[in-house]
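One structure below.
The values are calculated or read from the model by the stated rules, or taken from the named source; none is laboratory data. All figures in this text were calculated on a predicted structure; none of them were measured in a lab. Here the Cβ positions follow ideal geometry from the backbone for every residue, glycine too, while neighbour counts run over all protein chains shown. These accessible areas exclude ligands, DNA and RNA; they are computed on the full protein's heavy atoms, side chains included. Shrake-Rupley method; radii C 1.70, N 1.55, O 1.52, S 1.80 Å.
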Amino acid sequence: MILEAIMLSSEDRSTPNNYSDALIPYEFSMRYGCPGEFRYTTLIVPSETIEESFEMPGVAGLMLTRSITQNVVQKSGEPFTVYCIVWNDGGDDVTTVQVKDGEKVVYEKIMAVEDGSWRIAKMDVILDGTGEHCISVGDMTEAITVE
C-alpha cells in the first residue's frame with residue numbers, strides 16, 4: 001500500500017505491471033524460442049515475534065530481553081497465506097508455482113512473469129493432519145506445526 005501511495009502521489013511514477021495478482025500482467029507477450037528461467041526466493045509463512053527475558057550469565061540480577069521470531073502454529077484444515085518472489089531470468093513466460101507438503105502438492109498457481117522481472121506469489125495453503133509439516137516452494141522449505 002505504501003508503494004502504491006508513493007506511485008500515485010507522483011506524476012512521473014506509475015504502478016509497475018508486476019505489482020498485482022493478475023494472471024497476465026499488462027503488456028506481457030511471449031515469443032517462440034525465448035523460454036523463461038524461473039527461480040524462487042524469500043519464502044514467507046505466518047510468523048510472530050515473542051520477547052524472552054533471561055538473566056545475564058555471570059551478572060546477578062541483570063535481566064536482558066531478546067526478540068525471537070517463530071512460525072505461527074496453524075490449525076488443521078484452515079487456510080493460511082504463504083508468499084514468495086518468483087523471478088524470471090529468461091524470456092516472457094508462464095510458470096506453475098507449487099507449494100508442497102513433503103512430496104504432496106497442496107497448492108499451485110499459474111503465474112506469467114515478464115523477462116528480467118519478478119512477481120510476488122500469494123498462496124492460501126491448507127494443511128490437514130496435526131504435527132510437523134515441511135512445506136516447500138522450489139528449493140526453499142519451512143517447518144509448519146499444525147494442531
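Values computed for the structure shown
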| read-out | value |
| --- | --- |
| Residue count for region 45-70, restricted to those that are within 30 Å of residue 126 (Cα to Cα) and of a type in the set (Ser, Thr, Tyr) | 4 |
| Residue count, region 115-147 (criterion: in contact with an Asp or Glu (Cβ under 8 Å, 6 or more places away or on another chain) and acidic (Asp, Glu)) | 1 |
| Selected residue (only one of 112, 121 is part of a strand (DSSP E or B), over 18 Å from residue 43 (Cα atoms) and touching a strand residue (DSSP E or B) at 6+ places or on another chain (Cβ under 9 Å)) | 112 |
| Cβ pairs under 6 Å, 6+ apart, first in region 90-104 and of a type in the set (Lys, Arg), second modelled with pLDDT of 95 or more and surrounded by 15 or more Cβ atoms within 10 Å (Cβ to Cβ) | 100/136 |
| Test: residue 144 is buried (at least 16 other Cβ atoms within 10 Å of the Cβ), touching a Lys or Arg at 6+ places or on another chain (Cβ under 9 Å) and farther than 23 Å from residue 23 by Cα | no |
| Cβ-Cβ under 8 Å pairs, at least 6 apart or on other chains, region 110-139 side β-branched (Val, Ile, Thr), far side part of a strand (DSSP E or B) and open to solvent by 70 Å² or more (accessible area, probe 1.4 Å) | 113/87; 120/83; 125/79; 126/79; 135/141 |
| Residue count for region 124-147, restricted to those that are in a loop (DSSP other than H, G, I, E, B), in contact with a Phe, Trp or Tyr (Cβ under 9 Å, 6 or more places away or on another chain) and not hydrophobic (A, V, I, L, M, F, W, C) | 2 |
| Residues located in region 34-79, provided they are more than 27 Å from residue 130 (Cα to Cα), assigned to a loop (DSSP other than H, G, I, E, B) and open to solvent by less than 80 Å² (accessible area, probe 1.4 Å) | 34, 36, 56, 59, 61, 62 |
| Test: residue 86 is more than 15 Å from the chain's Cα centre (by Cα), surrounded by 10 or more Cβ atoms within 10 Å (Cβ to Cβ) and not in a loop (DSSP other than H, G, I, E, B) | no |
| Residues that are in contact with an Asp or Glu (Cβ under 6 Å, 6 or more places away or on another chain) and either open to solvent by 60 Å² or more (accessible area, probe 1.4 Å) or assigned to a strand (DSSP E or B) (or both), drawn from region 89-109 | 89, 96, 98 |
| Hits in region 109-147 (condition: within 27 Å of residue 69 (Cα to Cα) and among the acidic types (Asp, Glu)) | 124, 128, 132, 139, 142, 147 |
